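For reference, the structure is listed below as C-alpha cells.
The values are calculated or read from the model by the stated rules, or taken from the named source; none is laboratory data. All values derive from a computational prediction rather than experimental measurement. Cβ atoms come from the backbone with ideal geometry, glycine included; neighbour counts cover every protein chain shown. SASA here: full protein model, heavy atoms, side chains in, ligands and nucleic acids out. Shrake-Rupley method; radii C 1.70, N 1.55, O 1.52, S 1.80 Å.
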Amino acid sequence: MLSRRSACANVPAMRRANAGPSVVVIALLLALPILGIRAEPALARGTFKPRIGLSMGIEPAAGSQEIAAGPSTPVVYHGGSVMRDVTIHTVFWAPDGYRFDGAPAAGVLGYEPLIKQFLVDVAHDSGTTSNLFSVLAQYGDARGPGSYRISYDPSADSIDDTDPYPPRRRQCASPYGVATCVTDLELQEEIDKLIGADDPAERGLSNLWFVFLPPDVDTCSEVGECATNVYAGYHSLSNLGHGLTIYAAIPDPLIELTPSPGSDPEGNPEAESTIDTIGHETIEAITNPTGDAWMDPNGYEVADKCEDAPTEGTPLGFAPDGSPFNQVINGHEYLIQDIWSNARGGCVQRSTATASAPPLHTIDLRQFSPRVSGSIGVAARVPVTVALIRAGTTAVATARTETRADGSWGPVTLRARDGAQHAVGDDRDQLEVLYGDSPASPEPDLIQTGDGGNPFTESGFTGWFDLDNGYAVTGSDVTLGPCSQTGVLSLRIGAALSEPPADLCQTETDAAVVQARGLGPGTQITMSSEDNRGEYALRPDGALVKLTVALGEPDSVSALGNDQLPFGPTGFPTCAAFLRIGTVRCSGLVLHAGGLGVRGGDVLTLVNRAGRRLTALHVAHLRVHIIGDQTRIASGTCQPGDYYGEQITSPPTSDAVGDGIAGSGTICPASGRADGLSTGDIAQTDDFSGGQTETAVPYIASTAPIDDETLYGSFDASAQSGLAGPNDSIVATGVPVALTITGAASRRPVFHAANVDTAHGVAVSALTPGSYVATWVLHDANGDTRTVTTRFVDEA
C-alpha cells in the first residue's frame, strides 16, 4: 500500500473570473437523428471469468463447464500488438523427489516426450493452413496480417529444471491440500532466473515460455484461485526488471482428475489433455500477448470462446483404440479444441483466412475538453457529425466537419445551439459520430465509456472514472491500475513518453509502477488509454477510442479512494462551489481551500505554488424555489445541458459490457428551467472540470403560530430556519424568513415582516377576529426560496 500524505503544504491559489451576464436561454437545442441503440450485453452472466488478474485465457479446470461466451459475438481488436516469428521454450520444473510420468504403455510416448513431439510438429507445419494454428493469420495488428510462424527445437529450447521449489513458508495454500504449491510470482521468478538478466533475445514478443509442473504440484495465481479448483492453464506477461516476458503456466491435469481414455489418439490421456491446453494458450498468447489485442468485449479470447465440448469439430478419423482425432500435424494425430474464427463467425478446426487488424475508426477524446478528432481509417471524404448525448436521448451539443483526403477529421468543438461549449468526460455521456447519409457511407459510431463492464475483474474496458481514480503519483514514480485489459496505455511525463505501462504490469497486483524521478508540483502528467470502446450491433468490429486524462499532483489526497485497487490512489483535482454560503472547496489537492464569494457564472481557477493550472470550476447558474416539503422544484434556473443531481462517486462497474451507466442521469433542460427537478440533491456537474455547483435550501423548521392554531388577541410571530443534521437534528442557519399575513377570505395583506427568524420573533397586534393565512418565505443569499403556508384563527 502506498503511503499517502496530506497536501496541506501546497495550498493553491484561487482566481475568479466573472462570466458576466446570465446565459441565453436555449429555445431549441438540436434537430438531429439519435440512434436508439444501447450496446447489448455480449455475455450471459455467470461465475466463470476468462481472467484472474493478469492470468489471461483461463482454461477451466478439466471436467468443469464454462458459461458460454456468446457464440455470435466476435473478438475485436483493441489496438495492441500480436506476436510474430515466435520461438516456444519449454521448462519442465521437477526438483529431486518429483517427476513427470513415463509412458503409459509400450510404444506410447511419456508425458514430456509427447509434449515435445507436439511442439516439434507445430513448428514443422508452421505456415500451413491444415491445422488449428492457421487461424493466427486472420488476427493481425497495425503492422499487418497475423502469421503462423512458430519455431521449437527441444535440444535448444527446452529445459529440465531441477531447481528446488521455494520454501514451504513462501508457498501458496492449495485448496485441496496438495503439499507443494507454487505461486504465479514464483513461476515468473523461476523463468526470469532461467533466462538470465543478460539475454534480452529470449524475451519480448518473439518468445513464449511454457512452464510445466509435475502431477503432485499445485499452483495459484491468486489466493484460492488455483489449478486444483479453477483452471487447467493460462498465459500472462511478466517484467521483473529485465524486460517483458510472455509465459504460460501449465499444471499437470492429474492435479484435477484422471483423464479418461477415448480422447487420446496418441495413447496418453494425461499428456494429450495437456496438449489441448497448450494449443489453447499458444494461440491466445500470440493473438493477445499483453491483454490489449484480440478478445471479445468481455475479455474472452479466441480459444476461450470454443473450449467447451462439443467444439472439437468433425473427426478426421479414429485411432486404433477408437479415439477420434481432428488434427493431423506433421503426420501425428491429435484431438484439440476448435478456435474462434471471425471470418467464419464461429469455431473452426482450420482456416485459410488472412487479415490484418481491420481499418477501424479512431476517435480521440481528452477529458473535460469540447474538442474531438478522429479518422475513418481509409482515404475518403465524407461529412462527419458528432453529437454529445446525455440522459439517453438528448443531444446537448454537436459539431460538423468533413474528413480530409486521408480519412482524418477534426479537431472540432462541441457546441450547443446558442454557441455554448460542452465537454466530454463523464461516464454517463454517449458520443455519436455519423458519417454522411448515403448507403455507401460508413456506419456510425456509438461510444459509451460507462458501459465498459468491470476492468478491475478483467471484463470490459476502462472508462473515465476508472482512469481518474486508478493512479498514484509520488515524487519518484507513477503507479497505474488496472494495467491489463485497459487497451494500449501510455503515460506522458512532461513532453516525454514513459516506458509502456503494459510492459511493467505486475501479474499479482495488476498494477504497473513507472519510475520517474523528480516529479513535482510543476510536472504535467497525462495518461491515455486507447481501446475498442465502439462495439455494438451496427459496428461489430467497433472503434478505437483514445481517452486522455490529466493526473494530479504528487502525494495529493484522494477524495474518493478506490477499494478495487491494491494501492491507495492519489488525488483527482476537483472543486465544488456552495452557493448558499458563497464559498468553494477543493479536494484531491488540499484538505480545504475557500473563502471566496461565489455566484452563478463565475469561473474559478485553481493554481498551485508552481503556477500550474490544476483545474477550473465553471459555477452553474443554479437558483431554485421550493414550496413546503415538496420533492420537486416549483421553479428556478439551472445550467442547460449539464448533469443535475448526484455525481458518480464509486467505480461504475457492471457484469458485462452493455450493462453500465452510459445514457443514465438527469440533465438541466435546454430551456434552463429547473421546474420539476428533484429537491433531493440540488447540484450540477461542471463538464469542463468534473466539479460541482451546489445549493441547499434550508427548511422552515418551525413556525409560530403553528398550522391550524387558535389565537386570542396579539401574539409574537416567529420561525426557525435550519438544515438537517446528524441524528435527525436541525442545524440552525439564520437565513431570513419573511412573513405575510392575509385574510383567508379577502386575501388582503394585514401584516408583513421582513424577518421573523429572530430570538424573540416579531410582535403582531391583535387582528380582527377571523381566519388568516400566514405565508412564510425563506430567502437565502443565493436567491433560493422556500415557501410554507399555514392557517390560523384569531379570536379577540
(request) Could you grab me the full set of residues in segment 624-649 that are β-branched (Val, Ile, Thr), part of a strand (DSSP E or B) and open to solvent by 20 Å² or more (accessible area, probe 1.4 Å)? (result) Ile627, Thr637
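Scan segment 126-146 residue by residue and report those that are under 31 Å from the mean Cα position of the chain (by Cα) and in a loop (DSSP other than H, G, I, E, B).
Matches in segment 126-146: Tyr139, Gly140, Ala142, Arg143, Pro145, Gly146.
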(request) Provide a single number: the residues in segment 121-174 that are closer than 26 Å to Leu316 by Cα, polar (S, T, N, Q), out of contact with any strand residue (DSSP E or B) (no Cβ under 8 Å at 6 or more places or on another chain) and open to solvent by 30 Å² or more (accessible area, probe 1.4 Å). (result) 2
(request) Answer yes if at least one residue in segment 90-102 is open to solvent by 20 Å² or more (accessible area, probe 1.4 Å) and polar (S, T, N, Q), and no otherwise. (result) no
(request) Go through the residues of segment 673-694 one by one and say whether even a single one is within 35 Å of the chain's Cα centre (by Cα) and without any contact (Cβ under 8 Å) to a residue 12 or more places away in the chain. (result) no
(message) Regarding segment 782-790, can at least one residue be identified that is of a type in the set (A, V, I, L, M, F, W, C) and not in a strand (DSSP E or B)?
(response) no
(message) Being hydroxyl-bearing (Ser, Thr, Tyr), assigned to a loop (DSSP other than H, G, I, E, B) and under 22 Å from Thr398 (Cα atoms) is the requirement here; does Ser664 meet it?
(response) yes
(message) Please go through segment 239-254 and give me each residue that is buried (at least 21 other Cβ atoms within 10 Å of the Cβ) and out of contact with any strand residue (DSSP E or B) (no Cβ under 6 Å at 6 or more places or on another chain), ordered by number.
(response) Asp252, Pro253
(message) Where the second residue is open to solvent by 10 Å² or more (accessible area, probe 1.4 Å) and the first is among the basic types (Lys, Arg) and lies in segment 506-523, which pairs have Cβ atoms under 6 Å and are six or more apart or on separate chains?
(response) Arg517/Ser476
(request) Quickly run through segment 756-796 and pick out the residues that are in contact with a Pro (Cβ under 7 Å, 6 or more places away or on another chain) and either open to solvent by 30 Å² or more (accessible area, probe 1.4 Å) or free of Cβ contacts under 8 Å to residues at least 60 places away in the same chain (or both). (result) Asp757, His779, Glu795, Ala796
(request) Could you run through segment 367-415 and say how many residues are under 25 Å from Gly672 (Cα atoms), assigned to a loop (DSSP other than H, G, I, E, B) and touching a Pro at 6+ places or on another chain (Cβ under 7 Å)? (result) 1
(request) Of the numbered conditions (1) surrounded by fewer than 24 Cβ atoms within 10 Å (Cβ to Cβ); (2) of a type in the set (Gly, Ala, Ser); (3) in contact with an Asp or Glu (Cβ under 9 Å, 6 or more places away or on another chain), Ala440 fails exactly one; give the number of that condition. (result) (3)
(message) Here are the criteria: (1) surrounded by fewer than 23 Cβ atoms within 10 Å (Cβ to Cβ); (2) within 24 Å of Pro359 (Cα to Cα). Tell me which single one Asp418 does not satisfy.
(response) (2)
(request) Check off (1) of a type outside the set (Asp, Glu); (2) crowded, with 19+ Cβ neighbours inside 10 Å; (3) closer than 30 Å to Thr219 by Cα for Thr457 and give me the number that stays unchecked. (result) (2)
(message) Being of a type in the set (Gly, Ala, Ser) and closer than 22 Å to Ile115 by Cβ is the filter here; which residues of segment 271-308 pass it?
(response) Ala271, Ser273, Gly279, Ala285, Ala303
(request) Could you identify the single residue in Glu66, Glu112 that is of a type outside the set (Phe, Trp, Tyr), open to solvent by less than 50 Å² (accessible area, probe 1.4 Å) and modelled with pLDDT under 95? (result) Glu66
(request) Would you mention how many residues in segment 312-324 are crowded, with 16+ Cβ neighbours inside 10 Å, within 17 Å of Ser134 (Cβ to Cβ) and of a type outside the set (D, E, K, R)? (result) 1
(message) For segment 585-599, which positions are out of contact with any strand residue (DSSP E or B) (no Cβ under 7 Å at 6 or more places or on another chain) and modelled with pLDDT of 85 or more?
(response) Arg599
